[in-house]
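Notes to accompany the following structure.
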Protein chains: 2
Amino acid sequence: MANEEKFVEDIVDQDDDFSKWYNQVVRKAELADYAPVRGCMIIRPYGYAIWENLQRLLDARFKETDVVNAYFPLLIPKSFLEKEAEHVEGFAPELAWVTRGGGEELEEPLAIRPTSETIIGHTYARWIQSYRDLPVLINQWNNVMRWEKRTALFLRTSEFLWQEGHTAHRTLEEAEERTRQMLEVYRSFAEEEAAIPVIAGRKSENEKFAGALRTYSIEAMMGDGKALQSATSHNLAHNFAKSFDIQFLDADGQRKYCATTSWGMSTRMIGGLIMVHGDKSGLILPPRLAPYQVVIVPIWRKDHEKAAVNELVDRVEKMLKGKVRVKVDRSENTPGWKYNEWELRGVPLRMEIGPRDVQNNNVMLVRRDNRVKEPVSVDGLEIRLPQLLDEIQKALFQRALEFREQNTHTTESYDEFKQIIAEKRGFVRVKWAEDSKAEQAIKEETRATVRVIPFDQPEGGVQGKCIYTGKPATCEAIFARSY
Amino acid sequence: MANEEKFVEDIVDQDDDFSKWYNQVVRKAELADYAPVRGCMIIRPYGYAIWENLQRLLDARFKETDVVNAYFPLLIPKSFLEKEAEHVEGFAPELAWVTRGGGEELEEPLAIRPTSETIIGHTYARWIQSYRDLPVLINQWNNVMRWEKRTALFLRTSEFLWQEGHTAHRTLEEAEERTRQMLEVYRSFAEEEAAIPVIAGRKSENEKFAGALRTYSIEAMMGDGKALQSATSHNLAHNFAKSFDIQFLDADGQRKYCATTSWGMSTRMIGGLIMVHGDKSGLILPPRLAPYQVVIVPIWRKDHEKAAVNELVDRVEKMLKGKVRVKVDRSENTPGWKYNEWELRGVPLRMEIGPRDVQNNNVMLVRRDNRVKEPVSVDGLEIRLPQLLDEIQKALFQRALEFREQNTHTTESYDEFKQIIAEKRGFVRVKWAEDSKAEQAIKEETRATVRVIPFDQPEGGVQGKCIYTGKPATCEAIFARSY
Ligand SMILES: [Zn+2]
Ligand SMILES: [Zn+2]
């Protein structure tokens with residue numbers, strides 16, 4: 001607000017210090033703030049409005065697949081977490097514990113949920129009796145807590161917001177199908193709503209969810225070439241069903257274990273938006289998720305011009321209401337100040353309205369992504385604006401896709417691999433034998449890990465040797481450093 | 001689900017045991033469940049769908065008053081809570097404390113927010129510099145925790161969902177105005193969307209929010225005559241601003257304290273819906289908040305009728321999509337079983353479609369509230385259905401209003417007052433001198449408290465004596481037992 005520095009000139013160059021650029025944009029655009037509690041964040045109204053758009057659009061996509069929402073408790077008894085051995089091992093270091101409540105020491109400590117497989121597993125065991133109760137397709141929008149040492153706004157905070165879907169099925173095949181279906185929902189959401197091209201595929205054993213049979217993810221390349229895991233979908237097979245005794249009576253009279261899945265996307269995605277689309281002037285928001293799709297800046301020099309300009313501004317605002325998300329900047333700042341401000345905040349289109357425009361019954365539109373100007377007649381706005389927003393949405397996706405392609409390398413030499421990781425940025429696609437120890441060794445040597453084993457593999461299978469072990473390769477894998 | 005008992009015949013009579021009736025309806029209609037964590041609840045999909053409708057409609061009303069959403073952290077440092085003396089005294093007995101995180105004992109315990117005035121106060125102090133930054137009008141939708149000894153689903157649980165609005169203003173007058181404005185948003189929401197008549201007014205000193213100058217509330221009468229506080233709006237004046245140093249530089253060059261407000265409505269409101277509208281067959285949901293507004297039950301006896309009936313069912317479903325929230329019950333249960341089931345779950349309208357209807361191009365509509373049947377031609381459905389839903393919405397409000405009027409008593413005698421509270425149910429409206437000790441004494445003697453001092457007072461002021469102290473009355477107050 002008032003006394004904070006907001007000027008674009010203060011933003012560091014992306015190429016000089018990407019993470020400083022990121023932090024400055026988040027703070028100056030008023031997306032988020034650090035909280036007085038270590039590692040936690042405050043999501044400010046402008047950032048939260050992005051989250052609301054994301055929620056609305058993603059939730060609608062879930063519901064199209066028959067998912068319903070519910071709410072499960074924040075606190076999880078210690079004994080629940082201990083029921084699934086891999087799960088507790090994975091999350092134990094990050095847990096926050098409630099030990100006192102209502103003035104008394106608790107007999108059993110309660111963890112703030114880091115994720116809800118355990119308490120939901122316990123509940124499903126009570127709810128599910130027969131095959132007629134299946135599938136159960138439930139999602140919740142909630143907060144979770146994972147105590148983090150190193151934190152970054154949106155990307156890694158102790159508390160964050162997300163959705164977690166939890167489904168239970170009659171067969172392993174059906175669970176696998178649902179796991180893949182939800183990954184596809186995330187893929188299409190990321191590409192169509194967030195304009196972020198992603199690589200969909202499977203996680204390596206080292207990187208999969210604690211307690212899952214198999215984890216799928218979508219991975220995106222950020223503006224500095226690092227990878228961001230943007231959503232995950234886990235096939236939990238019978239693991240949690242066995243730990244929590246989720247059984248059903250099948251049509252054949254046999255009691256059987258359910259196969260379960262879980263899947264999530266979080267406020268991290270907002271960090272992804274910033275790092276994929278932003279430029280030296282700040283944020284660039286894809287129109288589908290932008291809180292404001294168009295900002296109107298009224299311009300006049302002389303007092304007698306003011307009334308006519310404002311009259312047209314009001315008329316245009318009214319005309320667009322309910323059709324396009326419009327902000328009119330009626331503050332007392334100069335037009336130039338407003339241009340900088342709203343470029344920094346990433347509004348996809350600026351509409352300038354001045355005395356000349358009043359005369360011509362025109363407005364001037366300026367795209368945030370490429371600065372191209374286009375005069376449009378007021379009467380043509382209702383048609384042209386949605387088109388332009390659509391063009392911007394597609395252009396952002398295309399630009400990000402080209403950036404990713406330019407920064408995706410292939411090599412058959414581990415020496416070259418190390419050189420690429422150290423000197424260039426981006427993804428390295430290599431032949432790989434899926435060896436966990438080799439992956440660990442590469443991580444220690446280069447800080448790069450397998451981000452994803454893409455669904456998209458060479459036809460007829462992979463020929464040749466693993467880049468590290470020299471063993472026959474079983475797949476192609478994408479390595480990168482990551483957030 | 002399958003093995004749970006669902007039949008209406010099992011529901012206890014409201015008059016015999018209202019709270020047992022309430023619990024049975026909540027459980028059988030699958031609105032909510034107790035969680036394995038003491039005092040916490042699971043909101044099941046059908047209950048959560050009511051909450052989603054409530055959120056959507058209430059949020060839209062907030063946004064019409066320029067309120068924006070944000071998100072503040074779950075955890076609050078102990079020292080923050082201690083800054084406002086009355087506030088910490090009020091909430092201390094109900095706090096849950098995080099004492100360990102990331103494998104270490106915390107230096108300072110962190111409370112799970114019981115409400116967020118303190119952490120938001122701290123944040124506003126950093127954000128607000130000048131009068132140009134005011135007003136700040138922020139709301140958040142979130143979970144809160146108040147450790148409760150006695151719990152009841154939706155009405156009193158240790159964790160619950162709500163929204164909490166927090167505003168900061170330049171003047172005390174503006175804060176008072178906003179406090180009243182938000183109470184009016186709640187009043188109109190309760191009456192127009194939830195069909196619950198409420199009495200709007202001021203809380204007594206004994207019942208106001210810990211740390212507020214003044215608390216307003218809306219109070220509703222439940223089916224057993226007890227009161228439910230359905231939403232509150234607090235004028236915090238300079239109290240929190242002084243504790244958290246929320247100051248601004250005014251246009252006159254002076255540094256001044258902001259005046260702040262807070263206001264909230266919670267999942268309690270779902271409990272209110274149930275207890276205001278329900279009857280011996282179970283839930284009755286007001287159409288505006290009902291997850292399904294219409295349930296279609298296909299009926300046939302002979303196999304050759306099935307295809308034609310289903311064809312019409314599909315056609316009607318498609319015709320109404322996006323206009324009315326429709327559920328088609330295609331399960332294999334009998335029509336009679338379905339009638340009971342969806343009456344129990346409170347769907348406002350049932351649509352029966354059988355072979356005779358196919359012949360006549362008709363459907364049969366049956367209202368949940370009064371069981372009145374009405375045949376409607378398929379071609380007339382798009383017009384008649386919304387009308388009928390509107391009539392039901394109004395009828396529910398009217399019935400609840402009449403019930404409240406029938407069960408609101410007045411008296412000038414304290415003996416009679418005691419008798420009414422003990423023997424009849426409902427509200428007692430009396431002359432009152434606003435004496436806190438007298439209120440405490442009445443509470444101990446009768447378990448009734450001042451629910452609200454209505455805005456609606458006799459013209460020209462109250463004449464006569466306080467019912468308890470005999471001192472000159474300053475107002476009329478509503479006493480009742482409450483949830
Ligand atoms: Zn972590
Ligand atoms: Zn309480």
Identify all residues within region A:125-148 that are within 30 Å of A:Arg268 (Cα to Cα), open to solvent by 30 Å² or more (accessible area, probe 1.4 Å) and either of a type outside the set (A, V, I, L, M, F, W, C) or within 16 Å of ligand 2 (Cβ to nearest atom) (or both); write none if there are none.
A:Pro135, A:Arg146
Output for region A:152-165, where each listed residue is more than 10 Å from ligand 1 (Cβ to nearest atom), open to solvent by 10 Å² or more (accessible area, probe 1.4 Å) and away from every other protein chain (no Cβ under 11 Å):
A:Ala152, A:Leu155, A:Trp162
Do the conditions hold for B:Glu374, that is, is it acidic (Asp, Glu) and loosely packed, with under 14 Cβ neighbours inside 10 Å?
yes
Scan region B:87-119 for residues that are farther than 30 Å from A:Phe91 by Cα and aliphatic (A, V, I, L, M) and jot them down.
B:Val88, B:Ala92
Would region A:201-210 turn up any residue that is surrounded by fewer than 23 Cβ atoms within 10 Å (Cβ to Cβ) and in contact with a Leu (Cβ under 7 Å, 6 or more places away or on another chain)?
no
Would it be correct to say that B:Glu459 is crowded, with 16+ Cβ neighbours inside 10 Å and at negative phi?
no
Residue by residue through region B:132-143, note down the ones that are more than 9 Å from chain A (Cβ to nearest Cβ) and closer than 15 Å to B:Lys256 by Cα.
B:Leu134, B:Pro135
How many of the residues making up region A:432-456 are under 28 Å from the mean Cα position of the chain (by Cα), open to solvent by 40 Å² or more (accessible area, probe 1.4 Å) and not acidic (Asp, Glu)?
5
Which of (1) assigned to a helix (DSSP H, G or I); (2) within 17 Å of the chain's Cα centre (by Cα); (3) not basic (Lys, Arg) does A:Gln181 not meet, given it meets every other one?
(2)
Could you list all residues from region A:228-258 that are polar (S, T, N, Q) and under 30 Å from A:Ser188 (Cβ atoms)?
A:Gln229, A:Ser230, A:Thr232, A:Ser233, A:Asn235, A:Asn239
I'd like the full set of residues that are over 30 Å from B:Lys394 (Cα atoms) and open to solvent by 50 Å² or more (accessible area, probe 1.4 Å), limited to region B:172-200.
B:Leu172, B:Glu173, B:Glu174
Wholly enclosed helices (runs of 4 or more DSSP H) of region B:244-349 bearing at least 2 residues within 19 Å of B:Tyr22 (Cα to Cα) and open to solvent by 20 Å² or more (accessible area, probe 1.4 Å)
B:268-277, B:335-344
Of all residues in region A:85-98 being open to solvent by less than 20 Å² (accessible area, probe 1.4 Å) and more than 18 Å from A:Glu148 (Cβ to Cβ), which is farthest from the chain's Cα centre (by Cα)?
A:Val98
Return the pair list, or none, for Cβ contacts closer than 9 Å from residues in region B:123-148 that are in contact (Cβ under 8 Å) with a residue 40 or more places away in the chain to residues that are within 16 Å of ligand 1 (Cβ to nearest atom), at least 6 apart or on different chains.
B:Asn142/A:Asn143; B:Asn143/A:Asn143
Can you say whether B:Gly103 is among the small types (Gly, Ala, Ser) and either modelled with pLDDT of 95 or more or open to solvent by 30 Å² or more (accessible area, probe 1.4 Å) (or both), as far as the supplied structure shows?
yes
Matching entry among B:Ile467, B:Ile392, B:Ile420, B:Ile478 (being part of a loop (DSSP other than H, G, I, E, B) and at pLDDT 95 or above):
B:Ile467
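Any residue in region A:211-220 that is surrounded by 20 or more Cβ atoms within 10 Å (Cβ to Cβ) and either at pLDDT below 95 or within 14 Å of chain B (Cβ to nearest Cβ) (or both)?
Start the filter on region A:211-220 by keeping residues that are surrounded by 20 or more Cβ atoms within 10 Å (Cβ to Cβ), which leaves A:211-212, A:215-220.
If we keep only those that are either at pLDDT below 95 or within 14 Å of chain B (Cβ to nearest Cβ) (or both) too, we end up with A:211-212.
Yes, there is a match, as at least one residue in region A:211-220 is surrounded by 20 or more Cβ atoms within 10 Å (Cβ to Cβ) and either at pLDDT below 95 or within 14 Å of chain B (Cβ to nearest Cβ) (or both).
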So, B:Asn23, is that one of a type in the set (S, T, N, Q), modelled with pLDDT of 95 or more and open to solvent by 40 Å² or more (accessible area, probe 1.4 Å) or not?
yes
If I ask for residues that are within 16 Å of ligand 2 (Cβ to nearest atom) and of a type in the set (A, V, I, L, M), which ones from region B:149-168 would you list?
B:Ala152, B:Leu153, B:Leu155, B:Leu161
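The values are calculated or read from the model by the stated rules, or taken from the named source; none is laboratory data. Quick caveat, the model's predicted, so the values are computed rather than measured. Heads up, the Cβs are rebuilt from the backbone with ideal geometry, glycines too, and the neighbour counts pull from every protein chain shown. Calculation scope for accessible area: heavy atoms of the full protein, side chains included, ligands and nucleic acids excluded. Shrake-Rupley method; radii C 1.70, N 1.55, O 1.52, S 1.80 Å.
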